[in-house]
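Here the structure comes first, spelled out in structure tokens, and everything after it is commentary.
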Amino acid sequence: YGDRRAFFVNQAINLLYILYGAAVLYPRMIFTSAITKQMREIPKFHFVVMGTLDSLGTFLTCLGTAYTPGSMTPLLNQLLIPFTILVSTIALKVQSSWHERLGAGLIVLGAFVSVVPGILSSLHDTRKGGPLATRWYAIVFYALSNLPMAMSSCYKEATFEEQQLDVWYLTQCVSIWQFLVSFIYMPLLVLPGFGSKDGMHLSEVPTAFMDGFRCYTEEVPECAEQGAFMLLTGYCAINVCFVTLGLYLTKHGSAVLTALSFSILLPFTTLLFFTPLLGQYQEPLTCNAYFTLLGLVVVLIGFAIYQWYSQIVDGGAQGALTTAPVDLCNAESPLLDEGSLNTGSHGQPSFQERVVGVIAVRKVSTDQ
């Protein structure tokens with residue numbers, strides 16, 4: 001889709017999530033008692049706040065995706081863990097162990113190792129565009145997108161610590177506001193880097209948006225050749241299925257199984273970008289690619305340390321306050337079968353586009 005159509009892609013993803021969610025939620029509201037009166041009476045202000053934070057996160061993601069190498073994105077996604085620790089420490093007064101901070105620090109170090117060579121080379125790169133072109137500001141946007149997502153997750157924990165919502169109802173309400181609030185960001189596309197390298201005139205913004213729509217409907221020959229409609233629609237469908245499976249895994253599987261699953265997913269996704277399976281989108285094994293692989297090793301070590309001490313060693317030792325988008329550990333009711341998902345001492349479950357595993361920080365009692 002390119003950088004000029006990035007905002008359309010952002011809104012198309014938000015709208016597709018609303019449509020997919022509606023296909024599941026509204027039959028549940030009509031034919032079951034899953035959505036209780038208490039859930040509907042929750043102040044909508046909370047959904048506006050979460051939708052605003054999520055919209056900022058996905059907006060920054062779409063701005064950065066076009067010119068951030070695909071092999072870097074799984075590593076940058078792991079920055080959600082240290083950002084969540086930072087936000088929960090400042091806003092929720094949650095204390096984390098030094099082992100968890102060590103793991104988070106290694107994740108930051110690994111991400112830094114993987115992206116710095118690409119950022120430095122992009123500053124001296126005279127190429128214009130191209131499917132594998134790297135732009136430093138795109139990488140920065142993508143990395144920073146983790147901050148509002150971490151804030152949104154922590155806000156969910158602080159707001160719904162005592163009262164659990166149906167996962168589909170919460171996600172749908174947040175997605176609707178996320179879609180609406182995102183239109184506020186359209187004027188930012190005139191700035192350099194926000195939508196294009198040199199920015200665009202304000203009158204070009206709606207034109208670029210409609211051009212994205214024409215690309216999605218494959219009215220543009222180039223987009224039709226690339227299968228733009230199925231790429232975007234299929235991506236959202238697959239992601240919904242992926243997160244739903246993640247819900248089942250974190251509910252019915254052990255902490256060890258969950259940690260191993262996401263640990264395996266990280267290197268598999270990163271290395272996939274260097275294989276012929278991606279066709280024309282395959283990334284070459286350049287010098288920068290070797291730094292990405294080195295960063296992957298460091299991130300994996302940090303991720304393993306964090307998961308081990310937060311989920312396996314410390315998990316269950318104290319009352320937990322988790323900031324995982326899909327954490328349903330210790331839930332007593334069947335997944336998606338009950339209106340109020342009882343997650344015990346764990347956090348409010350919800351769908352989120354970025355899933356890096358179970359992100360947990362422990363809420364330490366002041367009595368201890």
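The values are calculated or read from the model by the stated rules, or taken from the named source; none is laboratory data. All of these numbers come straight from a predicted model, not from anything done at the bench. Cβ atoms come from the backbone with ideal geometry, glycine included; neighbour counts cover every protein chain shown. Keep in mind that these areas ignore ligands, DNA and RNA; they rest on the heavy atoms of the full protein, side chains included. Shrake-Rupley method; radii C 1.70, N 1.55, O 1.52, S 1.80 Å.
Report the net charge of residues surrounding Asp3, where surrounding means a beta-carbon distance below 11 angstrom and charges are Lys +1, Arg +1, Asp -1, Glu -1. Could you put the intermediate results ahead of the total?
On the way: positive: Arg4, Arg5, Arg135, Lys197; negative: Asp198.
Overall, the nearby charge balance is +3.
Counting protein heavy atoms only, segment 1-97 has 70 percent of its accessible area on carbon and sulfur, 1.4 angstrom probe. Taking every protein chain into account, the accessible area of segment 32-164 amounts to 42 square angstrom per residue (probe 1.4 Å).
Length gained on full extension, Arg101 to Leu231, computed as 0.36 nm times the residue gap minus the Cα-Cα distance: 43.0 nm.
The gain in end-to-end length when the Thr32 to Leu245 segment is fully stretched comes to 74.5 nm, 0.36 nm per residue minus the alpha carbon separation.
Ignoring ligands, DNA and RNA, what accessible area per residue does segment 261-308 give at 1.4 Å, in Å²?
Working: 2610 Å² over 48 residues.
That works out to 54 Å² per residue.
Taking 7 Å steps out from each Cα toward its Cβ at Ile301 and Thr286 produces label points 2.7 nm apart.
The local environment of Gly193, defined by Cβ-Cβ distances under 10 Å, has a net charge of 0 under the rule Lys, Arg +1 and Asp, Glu -1. Under the convention that each Lys and Arg Cβ holds +1 and each Asp and Glu Cβ holds -1, the size of the dipole of segment 174-231 around its Cα centre is about 260 debye. In a fully extended conformation the segment linking Leu293 and Ala224 would gain 21.5 nm over its present Cα-Cα distance, using 0.36 nm per residue. When restricted to Cα atoms, segment 174-256 yields an Rg and a Dmax of 17.8, 54 Å, respectively.
Ordering Val299, Thr217, Cys287 by the projection of their Cα atoms onto the charge dipole of segment 201-307, which places +1 on the Cβ of Lys and Arg and -1 on the Cβ of Asp and Glu, puts Val299 at the extreme positive end. Label sites at Leu265 and Phe183, each approximated as a point 7 angstrom past Cα along Cα to Cβ, lie 3.3 nm apart.
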